[in-house]
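> First, the structure itself, so that you have it in front of you.
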Amino acid sequence: MQKAKAVYGRAPRAEARRGVLLALLATSLSMPLTASAAPGDGAILEAREALRKKDGQGLRVARAAAIASGHPLAQWADYFELTNRLAEAQQSELDAFYARWPATYVEDRLRNDWLLELGKRRDWANFAVEYPRFRMNDDREVRCYALMLDHQAGKDVKAEALSTWLAQRDADDGCALMAATLVDAKKFGSAEVWRKARFAIDANRPRAARQAAALISLAAGNSVGELSDSAVRYLARSASAASRPGAELATLALMRLASSDPDAAAFQLNDRWDKALPPDLAAWAWASVAKQAALKLLPDASEHFQRAAQRASRGGAEPDWPDDTLAWKVRAALRADDGRGRWQQVMQAINAMTPEQQRDPGWVYWKARALQALAPASQDDEGMRVMAGEMLAGIAGRLNFYGLLAAEDLGQPLALPAKPAPPTAEEIEAARTHPGLTRALQLIEIGLRNEGVREWNFSLRGMGDRALLAAAQRACDAQVWDRCINTSDRTREEIDIDQRYPLPFRKDVIAKASEIGLDPSYVYGLIRQESRFILDARSHVGASGLMQIMPATARWTARKIGLDYTQDMLTDRDANLRLGTSYLKLVLDDFGGSQAMAAAAYNAGPNRPRRWREGPVLDAVVWAENIPFNETRDYVKKVLHNATVYAAVTGAPAPSLKARLGAKIGPREASAPASDTNLP
């Protein structure tokens, strides 16, 4: 059941804020409205629909009706109406909006949109007044505008500006203006500009690369456009390493070629460019080839990374590769040498990551494993083992995939945290009367789930553990399970397992799973990740219901188990549960009982994990770490982690994550039944 896309980076952020809002509105419109929507809610829904249609007159009418009636969600109609005409709005209109709805989500989100508009207008006087009031401060383009102004005020912003620029993925006005300003001021030189271009090509953002290269010269920008269109043609006709700019452009072309054909890029390097390029750029080109080979699970990925490291060493500087490239160096090293792994390469890659990435539990875990593997050949065997044990102990017990693995490596049984004291009457009352939480639940109740989720999350800002537990309980009591789970997940010290891992529909889930031989904990782990128990959940690709079934998959499964399929089965809880568990069982059987491969198939379709299992026989955790799709890799880890915790919550025997992963994953054995190629 294919739901995942081949996405290796983050989703687009607020550069197209209004477009994203319209997309969210369209998604909300596909969800059924609840029967409890009150008559006065019509104005809010009409305003939302008018925004989708960009119907200014309809927005004005709906806004006026909502405000005149004193509707508790009138601020949203007001927000929709002003958002629709923000490009023509004046500061006085924004000031009046802020005064009407102070300290609310819509006030701060509209301020975000307005700051972007002010930046495009180059209205720095109003920008300087507005920016300190922006509470969320979660928009990179806005931050770029602000850093430019800080530079003009005489502050040293180079380090943060470069970090922010490198993290920018899509071309936008704010970061481009900041970069151009710092280039003009000679704070950024050609080294920083070309590094940005390489980061952009590595992230498959050719527009951002062209935008950066144009800061060198118009010709350089045009050349990046040319090589982005056809790297092979550019390398054959235009590329030259006779100058540093030419070598930079040739490197970008090799990186661009590697993204579609790493073998062809490796051939080009071996044939000419490895010797022609400066060592630091040859290292970048080989690292790009290696990353793309690793994404395709090719056996020579680790060798390519080794060549990249050798070229970097020859250049006398530490590699400045993106963390994502270093992550794939780790993964390639784990697969190398027929699954025995190249542990020194694992260590080198993790040590080269940014400090923030090195603290990630996954890389802490793999570094500890590398220390254990390297210890026997070391002069400090005992010291390395002690260090590895300390690293594992530092993450063991955390409620995540690698925390559970670390605990099991140390021989520690899964121990659920003690249940905290229930919220007091005062804490419950504070959550019950919180205006933002109330508005969020009202929005969700009338079918505006995306808006409700954003309102809810904004309202959680600044809450401590006790307030979060009370807010989570309010959502749990309302059976808004996604807010219940996600809110409780935010607590740091006081952990309420019943909130984080609730058991809605327990009788039905257990019955449906048990009657076809499925582990109920595995089903619960999958549902928690798929829909957070939201019955009318609908994904951007069309998966629906509790178990997020695609229509074609539901139709096929119904036929397979002898049901007469109708479209409303997707949103019927019992039917959705039956179809989802039946499909999961079919997938699980097809993959020989491997919960890891079955979860991958449920998310990305069965053909992909069939391809991903080819090659060396791997430890199951190494196989999971090497899943090429970001979404599917994260999904598999979370489903199996969820299932392990659910087994402990329900008292099921032996709640072991390693047992769920299985020992090894590799090609299907010759004696095993043939794959069911009809599985969708």
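The values are calculated or read from the model by the stated rules, or taken from the named source; none is laboratory data. These numbers were taken from a predicted model, which means no experiment stands behind them. Glycine also receives a Cβ, built like all others from the backbone with ideal geometry; neighbour counts cover every protein chain displayed. The protein model used for the area step is the full one, side chains on, heavy atoms only, and it has no ligands, DNA or RNA in it. Shrake-Rupley method; radii C 1.70, N 1.55, O 1.52, S 1.80 Å.
> Name the residues in the stretch 474-507 that are over 15 Å from Leu399 (Cβ atoms), crowded, with 18+ Cβ neighbours inside 10 Å and aliphatic (A, V, I, L, M), would you?
Residues satisfying the conditions are Ala475, Val480.
> Considering each of Leu414, Leu437 in turn, give the residue that is at pLDDT below 95 and open to solvent by less than 60 Å² (accessible area, probe 1.4 Å). Can you show your working first?
Details: Leu437 fails: at pLDDT below 95.
Leu414 is the lone residue from the list that is at pLDDT below 95 and open to solvent by less than 60 Å² (accessible area, probe 1.4 Å).
> Return the pair list, or none, for Cβ contacts closer than 8 Å from residues in the stretch 59-79 that are under 14 Å from Ile446 (Cβ atoms) to residues that are part of a helix (DSSP H, G or I) and acidic (Asp, Glu), at least 6 apart or on different chains.
If the second residue must be part of a helix (DSSP H, G or I) and acidic (Asp, Glu), the pairs left are Ala62/Glu46; Ala62/Glu81; Ala66/Asp78; His71/Asp41; Leu73/Asp41; Trp76/Glu451.
> Another question, then. Restricting the search to the stretch 88-138, which residues are part of a helix (DSSP H, G or I), among the aromatic types (Phe, Trp, Tyr) and either loosely packed, with under 14 Cβ neighbours inside 10 Å or under 28 Å from the mean Cα position of the chain (by Cα) (or both)? Walk me through it before giving the result.
Start the filter on the stretch 88-138 by keeping residues that are part of a helix (DSSP H, G or I), which leaves 88, 91-100, 105-121, 124-133.
Next cut, among the aromatic types (Phe, Trp, Tyr) only: 97-98, 105, 114, 124, 127, 131.
Result: Tyr105, Trp114, Tyr131.
> Related question: Filter the stretch 51-73 down to the residues that are part of a helix (DSSP H, G or I) and surrounded by 23 or more Cβ atoms within 10 Å (Cβ to Cβ) and list them by number. Show your work before the answer.
Residues of the stretch 51-73 that are part of a helix (DSSP H, G or I), as a first pass: 51-53, 56-68.
Residues satisfying the conditions are Leu51, Leu59, Ala62, Arg63, Ala66.
> Still on this model: Return the total of residues in the stretch 139-157 being in a helix (DSSP H, G or I) and not hydrophobic (A, V, I, L, M, F, W, C). Write out each step before concluding.
Initially, the stretch 139-157 is screened for residues in a helix (DSSP H, G or I), giving 140-152.
Checking which are not hydrophobic (A, V, I, L, M, F, W, C) leaves us with 140-141, 143, 145, 150-152.
So the count comes out to 7.
> Without any contact (Cβ under 8 Å) to a residue 60 or more places away in the chain, under 24 Å from Val636 (Cβ atoms), of a type in the set (D, E, K, R) and touching a helix residue (DSSP H, G or I) at 6+ places or on another chain (Cβ under 8 Å): which single residue out of Arg483, Arg490, Arg474, Arg538 fits that description?
On the way: Arg483 fails: under 24 Å from Val636 (Cβ atoms); Arg474 fails: under 24 Å from Val636 (Cβ atoms); Arg538 fails: without any contact (Cβ under 8 Å) to a residue 60 or more places away in the chain.
Result: Arg490 is the single residue among Arg483, Arg490, Arg474, Arg538 that is without any contact (Cβ under 8 Å) to a residue 60 or more places away in the chain, under 24 Å from Val636 (Cβ atoms), of a type in the set (D, E, K, R) and touching a helix residue (DSSP H, G or I) at 6+ places or on another chain (Cβ under 8 Å).
> Would it be correct to say that Ala471 is open to solvent by less than 10 Å² (accessible area, probe 1.4 Å) and in a helix (DSSP H, G or I)?
Numbers: open to solvent by less than 10 Å² (accessible area, probe 1.4 Å): yes; in a helix (DSSP H, G or I): yes.
Yes; evaluated as a whole, the condition is true for this residue.
> Mind counting the residues in the stretch 278-306 that are crowded, with 24+ Cβ neighbours inside 10 Å and assigned to a loop (DSSP other than H, G, I, E, B)?
0
> Every residue in the stretch 232-277 that is more than 26 Å from Leu326 (Cβ to Cβ), open to solvent by 40 Å² or more (accessible area, probe 1.4 Å) and aliphatic (A, V, I, L, M), please.
Selection gives Val232, Ala236, Ala242.
> Could you list, in sequence order, all residues of the stretch 340-360 that are closer than 18 Å to His304 by Cα, part of a loop (DSSP other than H, G, I, E, B) and out of contact with any Lys or Arg (no Cβ under 8 Å at 6 or more places or on another chain)? Outline the logic, then answer.
Initially, the stretch 340-360 is screened for residues closer than 18 Å to His304 by Cα, giving 340-350, 352.
In the following step, the residues that additionally are part of a loop (DSSP other than H, G, I, E, B) were identified as 340-342.
Within the stretch 340-360, Arg340, Arg342 qualify.
> Return the residues of the stretch 486-526 that are closer than 24 Å to Met597 by Cα and of a type in the set (Lys, Arg); say none if nothing qualifies.
Lys512
> Among Arg454, Arg466, Arg490, Arg483, which is part of a helix (DSSP H, G or I) and more than 27 Å from Gln75 (Cα to Cα)?
Numbers: Arg454 fails: more than 27 Å from Gln75 (Cα to Cα); Arg490 fails: part of a helix (DSSP H, G or I); Arg483 fails: more than 27 Å from Gln75 (Cα to Cα).
The match here is Arg466.
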